[in-house]
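> Can you read through this structure? Questions will come right after.
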């Protein structure tokens, strides 16, 4: 039990730090978006310089209230991840100005690397049954109510957020954001992939 708790703490911290690096170092400099509530927080940051971590928490509160009443287990697995992720996102908020400027990374390369960082960060947490909450729960609630596929619902919600960002900012923001969430999704899938155990052939089994 103590080992499992320790693993969850380490995974939450490591995953949150990777998310924070991906957002601050590779997404923000080029107004790139992620899906979900983080994407909404990034839009508000690009428009009005809103604090991303605090905005992430505020935008997540209605969803967490829903989780408390409808999916209690989801609340307890999401709340710590949301708080710690928000903390690291704000803690690393200045590194993009000090570290990225000398590198002169191309926007496509930056979006690609940012997607990897965020995907791996999410993957590490999901592999340990930790979440940052957000629109995944909202998608599950909508899917349950409308009897539709939850994956399709998440895709629609993320698509709406990315499209809104493209309309508010530029086509470049739209396409770079699509690249980021695609690479991020693939990276998350790789991290969460668990190889099925190989069947053992016993000496007496024919």
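The values are calculated or read from the model by the stated rules, or taken from the named source; none is laboratory data. Please read these numbers as outputs of a predicted model, since none were measured by experiment. FYI the Cβ positions are ideal-geometry reconstructions off the backbone, even for glycines, and counts take in every protein chain you see.
> Quick one: would you say residue 67 is within 19 Å of residue 158 (Cα to Cα), assigned to a helix (DSSP H, G or I) and touching a residue at least 12 places away in the same chain (Cβ under 8 Å)? It would help to see each step written out before you state the result.
Values: within 19 Å of residue 158 (Cα to Cα): no; assigned to a helix (DSSP H, G or I): yes; touching a residue at least 12 places away in the same chain (Cβ under 8 Å): yes.
Considered against the rule, which asks whether it is within 19 Å of residue 158 (Cα to Cα), assigned to a helix (DSSP H, G or I) and touching a residue at least 12 places away in the same chain (Cβ under 8 Å), residue 67 comes out as no.
> Let me ask something else about it. List the number of the failed condition for residue 25; all other conditions in (1) part of a helix (DSSP H, G or I); (2) within 25 Å of residue 152 (Cβ to Cβ); (3) touching a residue at least 12 places away in the same chain (Cβ under 8 Å) hold.
(2)
> Taking the options 41, 50, name whichever one is surrounded by 21 or more Cβ atoms within 10 Å (Cβ to Cβ), closer than 20 Å to residue 166 by Cβ, without any contact (Cβ under 8 Å) to a residue 40 or more places away in the chain and out of contact with any strand residue (DSSP E or B) (no Cβ under 6 Å at 6 or more places or on another chain).
On the way: 50 fails: surrounded by 21 or more Cβ atoms within 10 Å (Cβ to Cβ).
After ruling out the rest, the residue left standing is 41.
> Test residue 144 against the stated conditions and say whether it is buried (at least 19 other Cβ atoms within 10 Å of the Cβ), modelled with pLDDT under 90 and out of contact with any strand residue (DSSP E or B) (no Cβ under 9 Å at 6 or more places or on another chain).
Working: buried (at least 19 other Cβ atoms within 10 Å of the Cβ): no; modelled with pLDDT under 90: yes; out of contact with any strand residue (DSSP E or B) (no Cβ under 9 Å at 6 or more places or on another chain): yes.
No.
> Also, I was wondering about something else. Only one of 133, 189, 165 is touching a residue at least 60 places away in the same chain (Cβ under 8 Å), within 13 Å of the chain's Cα centre (by Cα) and under 22 Å from residue 45 (Cβ atoms); which?
Working: 189 fails: under 22 Å from residue 45 (Cβ atoms); 165 fails: within 13 Å of the chain's Cα centre (by Cα).
When all the criteria are applied, what remains is 133.
> Something else about it: Evaluate the following for residue 9: is it part of a helix (DSSP H, G or I), modelled with pLDDT of 95 or more and surrounded by fewer than 22 Cβ atoms within 10 Å (Cβ to Cβ)?
no
> Is it fair to say residue 20 is in contact with a helix residue (DSSP H, G or I) (Cβ under 7 Å, 6 or more places away or on another chain), in a helix (DSSP H, G or I) and crowded, with 23+ Cβ neighbours inside 10 Å?
On the way: in contact with a helix residue (DSSP H, G or I) (Cβ under 7 Å, 6 or more places away or on another chain): yes; in a helix (DSSP H, G or I): yes; crowded, with 23+ Cβ neighbours inside 10 Å: yes.
Considered against the rule, which asks whether it is in contact with a helix residue (DSSP H, G or I) (Cβ under 7 Å, 6 or more places away or on another chain), in a helix (DSSP H, G or I) and crowded, with 23+ Cβ neighbours inside 10 Å, residue 20 comes out as yes.
Here's the yes/no breakdown for (1) more than 13 Å from the chain's Cα centre (by Cα); (2) closer than 19 Å to residue 158 by Cβ:
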residue	(1), (2)
3	yes, no
33	no, yes
37	no, yes
42	no, yes
59	yes, yes
62	yes, yes
76	yes, no
89	no, yes
104	yes, no
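> Restricting attention to region 168-186, report how many residues are closer than 18 Å to residue 47 by Cα, touching a residue at least 12 places away in the same chain (Cβ under 8 Å) and exposed (fewer than 15 other Cβ atoms within 10 Å of the Cβ).
Step one: of region 168-186, the residues closer than 18 Å to residue 47 by Cα are 168-174, 176-177.
After this cut, where a residue has to be touching a residue at least 12 places away in the same chain (Cβ under 8 Å) as well, the list is 168-170, 172-174, 176-177.
Applying the additional criterion that residues be exposed (fewer than 15 other Cβ atoms within 10 Å of the Cβ) yields 168, 170.
Selection size over region 168-186: 2.
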